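Structure record follows, encoded as structure tokens.
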Amino acid sequence: MTFCKNCGTKLNPQDEFCPNCGTKNETPQQPQQPDGMGADAVTAVPGGKKPFLGMNTKGLLIAAGCIVVTAVLVIVLLCSFFGSSSKSVVKDYYKAIENCDAKDLMATVPKDYLKELMDDNDLSRKELTNDVQDYLDKYYDEYDDIKVTFEDKEKLDKNDFADYFDFEDASDLEVKKGVKYELKVRYRSDEKKDNESEDFIVFQYKGKWYSMDAMFLVAMATYF
């Protein structure tokens, strides 16, 4: 209860001015809002729980976008860590042949096998790379455009590799599975264009895929 400080007239709490003398009420009170209707009120939901207001639609979209980007990065990193696919090894092999690139070709061969070749032939990594490069330059330099088409695929298990790995320096490789591709390969040089049907075998070793053809080529390079 308040009274006018000038004339003493009784004032209602919401009166801004005295109805008798017009003097300003220094302490007017704002009308009370019904429960739940104030400026900071939260709309009620069934069950008496307050809705989650910590993130709006824009925030949800940003969060979803971050999750997608993170998932893509994880997939890319996993692919980089565990190695390329069986098909990509085929493409990498023929690209290395086309470019006569010894380093790229040797990247499709297990490091353990390369080490065995270097130890058995008393070669450094540089010397082995030079031997492979010389072999490529001698026998594959004329090809400047190679196109590979995948026509069929056959899965191989470790028993299928008994014959393929029955040669020195490769018998210690523990191969559990592989793939044999039937390819149509177009070789084009300055003088002619050839189309060949070829079988190409890739195998998985320690979680990564490698080329059987590249292994033979590298081995041949150490003997010539």
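The values are calculated or read from the model by the stated rules, or taken from the named source; none is laboratory data. Here the structure is a predicted model, which is why all the values come from computation and not from measurement. Cβ atoms come from the backbone with ideal geometry, glycine included; neighbour counts cover every protein chain shown. Heads up: the accessible areas ignore ligands, DNA and RNA and are worked out on the full protein's heavy atoms, side chains in. Shrake-Rupley method; radii C 1.70, N 1.55, O 1.52, S 1.80 Å.
Counting only residues that are within 19 Å of LEU156 (Cβ to Cβ) and open to solvent by less than 50 Å² (accessible area, probe 1.4 Å), region 183-203 holds 6 of them.
Look at (1) open to solvent by 50 Å² or more (accessible area, probe 1.4 Å); (2) modelled with pLDDT of 95 or more; (3) not aromatic (Phe, Trp, Tyr) and you find that LYS115 fails only one, number (2).
Out of VAL109, VAL72, VAL132, VAL89, one residue alone is of a type in the set (Val, Ile, Thr), open to solvent by less than 90 Å² (accessible area, probe 1.4 Å) and at pLDDT below 90. It is VAL72.
For the condition modelled with pLDDT under 90, part of a strand (DSSP E or B) and not β-branched (Val, Ile, Thr), ASP166 does not qualify.
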